[in-house]
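The values are calculated or read from the model by the stated rules, or taken from the named source; none is laboratory data. What you see is a predicted model, and the numbers here were worked out from it, not measured in a lab. Neighbour counts run over all protein chains shown; Cβ positions are idealised from the backbone, glycine included. Surface areas here come from the heavy atoms of the whole protein model, side chains and all, with no ligands, DNA or RNA. Shrake-Rupley method; radii C 1.70, N 1.55, O 1.52, S 1.80 Å.
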Amino acid sequence: MTQNERLLYRVVSKAACSSTGQILFYSEHGAFFEGDIHDAQAGIHKWALEHSRSAIISAVKNPDVFRFSRVRNPYHKILSSFFDKICGVQRSCGRYRETLVPFLFESYGIDVGGEDGKQEYDQIRAFHQFLLLVLDTVHWGCPMAAHIHWSLMSDHLATLVTNGRHYNQIFG
């Protein structure tokens, strides 16, 4: 949410959330946040920041606040999740959640180029196995709960609607 509390954005992972956060930051400061907007500790209200929560709760209830979110084609969202979070190397130079990829290999046979991601692998087979994992996590919550990057967009969006509020706009 912007610091002036006029724009409230409900994040949906892998649906332009970083870009949208940067735009919100820019709208108030005339410059983009230096670095990853997810790392911002000031200049924008975020639920992860304890000092922002009361302002966000008030904004959700305020009819003058423009409440919006973004969604993405589900196939593109899951494909992006696979290549970014499973196959990719993160900005920390390591794998996303270091133990996740070995767990996926052990549990679902999802091979994404070995421990360092530098070996050849069958992307189609790996993606197919990943889809089986996603299906199990979304529908059954096993072997783990659905991860934020591939959970249902409706689950993210429902957090506002469940409490009797509405969105002014949901962009696709």
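So which residues in the range 150-170 are at pLDDT 95 or above and either out of contact with any helix residue (DSSP H, G or I) (no Cβ under 7 Å at 6 or more places or on another chain) or β-branched (Val, Ile, Thr) (or both)? Outline the logic, then answer.
The initial filter retains those residues of the range 150-170 that are at pLDDT 95 or above, namely 167-170.
Selection gives Asn168, Gln169, Ile170.
Which helices (runs of 4 or more DSSP H) sit wholly inside the range 30-119 and have at least 3 residues that are farther than 18 Å from Arg10 by Cα?
It comes to 74-81, 100-108.
If you go through the range 44-88 one residue at a time, how many are open to solvent by 10 Å² or more (accessible area, probe 1.4 Å), small (Gly, Ala, Ser) and in contact with a Phe, Trp or Tyr (Cβ under 8 Å, 6 or more places away or on another chain)?
So the answer is 1.
Does Phe130 qualify as being open to solvent by less than 90 Å² (accessible area, probe 1.4 Å) and free of Cβ contacts under 8 Å to residues at least 60 places away in the same chain?
Spelling it out, Phe130 is indeed open to solvent by less than 90 Å² (accessible area, probe 1.4 Å) and free of Cβ contacts under 8 Å to residues at least 60 places away in the same chain.
Filtering the range 41-58 down to residues that are aliphatic (A, V, I, L, M) and more than 20 Å from the chain's Cα centre (by Cα), which residue is modelled with the lowest pLDDT?
Taking the range 41-58 and keeping what is aliphatic (A, V, I, L, M), we get 42, 44, 48-49, 55-57.
Right, trim to more than 20 Å from the chain's Cα centre (by Cα) and you get 55, 57.
Values: Ala55: 97, Ile57: 94.
Within the range 41-58, the match that is modelled with the lowest pLDDT is Ile57.
Evaluate the following for His38: is it free of Cβ contacts under 8 Å to residues at least 40 places away in the same chain and over 22 Å from Leu157 (Cβ atoms)? Working first, answer last.
Values: free of Cβ contacts under 8 Å to residues at least 40 places away in the same chain: yes; over 22 Å from Leu157 (Cβ atoms): no.
Against the criterion (free of Cβ contacts under 8 Å to residues at least 40 places away in the same chain and over 22 Å from Leu157 (Cβ atoms)), His38 does not qualify.
Within the range 146-172, how many residues are more than 18 Å from Val134 (Cβ to Cβ) and part of a helix (DSSP H, G or I)?
Within the range 146-172, residues that are more than 18 Å from Val134 (Cβ to Cβ) and part of a helix (DSSP H, G or I) number 5.
Which of (1) free of Cβ contacts under 8 Å to residues at least 24 places away in the same chain; (2) more than 13 Å from the chain's Cα centre (by Cα) is the odd one out, the single condition Lys61 does not satisfy?
The number of the failed condition is (1).
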